[in-house]
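Engineer: One structure is given below, represented as structure tokens, and several questions about it will come after.
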Amino acid sequence: MEQINLPQLPLSVEWKEENLFLLDQTLLPLEVKMERQDSAQQVWDSIKALKVRGAPAIGIAGAFGLLVAAKPHLELSEAEFLQALKKEADFLDSSRPTAVNLHWALERMLKKAQENQGKSNEEMLRLLRDEAVAIQVEDGQACEAIGRHGQDLIQEGMGVLTHCNAGHLAVSRLGTALAPMYLAHLAGRKFKVYADETRPLLQGARLTSWELQQAGLDVTLICDNMAGAMMRQGKIDLVIVGTDRVAANGDVANKIGTYSVAVLAQHHQIPFYVACPFSTLDFSTPTGKEIVIEQREAEEVTQFGERRTGPVGIQVANPAFDVTPHELITGIITEKGIFRPPFGQSLKAAYQP
Ligand code: MRU
């Protein structure tokens with residue numbers, strides 16, 4: 001089967017001539033700019049500042065970031081090199097806490113290193129490079145499979161709502177939540193996508209509506225507080241969102257506001273699907289209550305771009321994610337098919353660590 005690509009869109013993470021380049025997503029939709037990453041600190045800052053964001057994309061960036069971080073340590077002894085890798089991986093992992101893919105990818109890189117103890121540092125670096133490439137390639141295959149499994153949920157004439165950006169920009173290619181939309185579109189189906197703008201950082205406005213528009217889909221940008229009214233007017237038939245971590249019982253962490261959309265969908269009896277690769281499942285976290293939610297700077301809420309919109313000194317809450325309890329989820333679309341409740345059992349049965 002031929003690989004499906006979206007030639008209109010840039011890659012979020014690129015490994016070229018032994019260098020790591022990240023698309024600076026904070027500049028979108030105004031500018032498409034790849035930025036070379038020259039140190040572990042720069043990669044850490046890029047992840048923290050959301051230059052690269054989206055759960056699978058930060059996993060891939062972390063894996064390649066470990067190669068960037070490893071380069072200055074090549075002169076160490078082999079044992080010391082391994083220790084340095086571990087330290088650098090812990091450092092990169094500390095950049096953002098909620099998306100499990102970052103931790104998963106770095107653990108996978110360290111496992112590869114452990115398995116190859118005794119190899120020269122140069123050989124180790126080559127093996128780790130191959131592992132990072134494999135993580136990226138496998139993510140692309142998973143996203144395409146998510147698209148194939150999910151595309152028939154989208155029928156001619158439907159309205160599909162999504163929140164934040166779980167598209168091509170958030171992964172290696174195609175996306176998770178957006179992959180079924182891209183494949184349904186490529187199959188010639190006509191439908192409308194509604195993109196929540198996703199305050200405070202506007203991933204829906206800046207990224208989702210941009211990438212869908214670039215790829216030729218029929219997309220309408222709405223403010224977050226419009227979703228309920230759109231549902232009541234009968235404009236939304238289906239919701240698909242991505243996720244940063246799925247707990248063992250099927251509770252799902254995703255961008256703040258996802259929970260509200262799920263509650264609205266249940267009230268209007270609209271199916272609510274979550275799409276993710278298996279690398280986003282975390283069976284070591286029993287329920288959503290145990291998922292660490294990243295808290296971000298107050299300025300993201302008190303300012304709209306450069307302009308202050310909240311009073312000086314105001315108290316602010318800025319959790320980057322919320323948890324949608326599994327009872328509100330109709331199905332979880334993965335590379336292995338669509339899983340139905342009870343997720344604790346259905347997902348576990350298909351999971352191979
Ligand atoms: O803060 P962000 O932009 O990294 O948040 C991203 C999301 O919440 C996405 O929906 C999630 O990571 C899934 S990406 C395929």
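Engineer: Which residues in the stretch 310-344 place their backbone N less than 18 Å from a point set 7 Å from the Cα of Gln266 along the Cα-to-Cβ direction?
Structural biologist: So the set is 322-332, 340-344.
Engineer: Would you mind computing the Rg to Rh ratio of the stretch 13-144 from its alpha-carbon coordinates, Kirkwood style for Rh?
Structural biologist: 0.96
Engineer: Now for a separate question. Treating only the Cβ atoms of Lys and Arg (+1) and Asp and Glu (-1) as charged, compute the dipole magnitude of the stretch 13-144 about its Cα centre; round to the nearest 20 debye.
Structural biologist: 300 debye
Engineer: In the stretch 13-144, with Lys and Arg counted as +1 and Asp and Glu as -1 at Cβ, which of these residues, Gly140, His73, Val52, has the Cα nearest the positive end of the dipole, that is, farthest along it?
Structural biologist: Val52
Engineer: Separate question: At 1.4 Å probe size, what's the solvent-accessible area of Lys336? Round to the nearest 10 Å².
Structural biologist: 90 Å²
Engineer: Next up: What is the calculated FRET efficiency for Asp218 to Ala134, with r their C-beta to C-beta distance and R₀ = 41 Å, to the nearest 0.05?
Structural biologist: With a Förster radius of 41 Å, E is 0.70.
Engineer: If one computes P(r) from the Cα atoms of the stretch 195-305, what percent of pairs lie at distances over 25 Å?
Structural biologist: So the portion of pairs separated by more than 25 Å is 29 percent.
Engineer: List the lysines whose alpha-carbon lies under 17 Å from that of Lys336, not counting same-chain residues fewer than 8 positions away?
Structural biologist: Lys348
Engineer: Now for a separate question. Can you give me the pair-distance distribution of the chain, C-alpha pairs, 20 Å bins, whole percents?
Structural biologist: 31, 58, 10, 0
Engineer: Counting only DSSP beta bridges with both residues in the chain, tell me the antiparallel percent, nearest 5.
Structural biologist: 55 percent
Engineer: Out of Leu238, Gln303, Pro319, whose Cα points farthest toward the positive end of the dipole of the stretch 151-351 (charges: +1 Lys, Arg; -1 Asp, Glu; placed on Cβ)?
Structural biologist: Sorting the options by dipole projection puts first Leu238.
Engineer: Hey, another quick one. Using +1 on the beta carbon of Lys and Arg, -1 on that of Asp and Glu, and nothing else charged, what's the dipole of the chain about the Cα centre, debye to 20?
Structural biologist: So the dipole magnitude of the chain works out to roughly 780 debye.
Engineer: Can you tell me the equivalent ellipsoid semi-axes for the stretch 96-173? Use √(5λ) from the Cα gyration tensor, largest first, whole Å.
Structural biologist: For the stretch 96-173, the semi-axes come out at 35, 14, 9 Å.
Engineer: Okay, next question. Please name whichever of Trp15, Thr26, Thr208 sits farthest to the positive end of the charge dipole of the chain, dipole taken about the Cα centre and charges placed at Cβ: Lys and Arg +1, Asp and Glu -1.
Structural biologist: Thr208
Engineer: Another question about this same structure. With a 10 Å cut-off between alpha carbons and a GNM built on the chain, which of Met226, Met124, Met158 moves the most?
Structural biologist: Result: Met226 has the largest fluctuation of those listed.
Engineer: Here's a follow-up. For the stretch 72-160, state which trypsin sites (Lys or Arg not before Pro) are in a DSSP loop and have at most 16 other beta carbons lying within 10 Å of their beta carbon.
Structural biologist: Lys119
The values are calculated or read from the model by the stated rules, or taken from the named source; none is laboratory data. Since we're looking at a predicted model, the values are computed, not measured. Don't worry about glycine lacking a Cβ; one is built from the backbone with ideal geometry, like all the others, and counts go over all protein chains shown. These area figures cover heavy atoms from the full protein model, side chains too; ligands, DNA and RNA do not enter into them. Shrake-Rupley method; radii C 1.70, N 1.55, O 1.52, S 1.80 Å.
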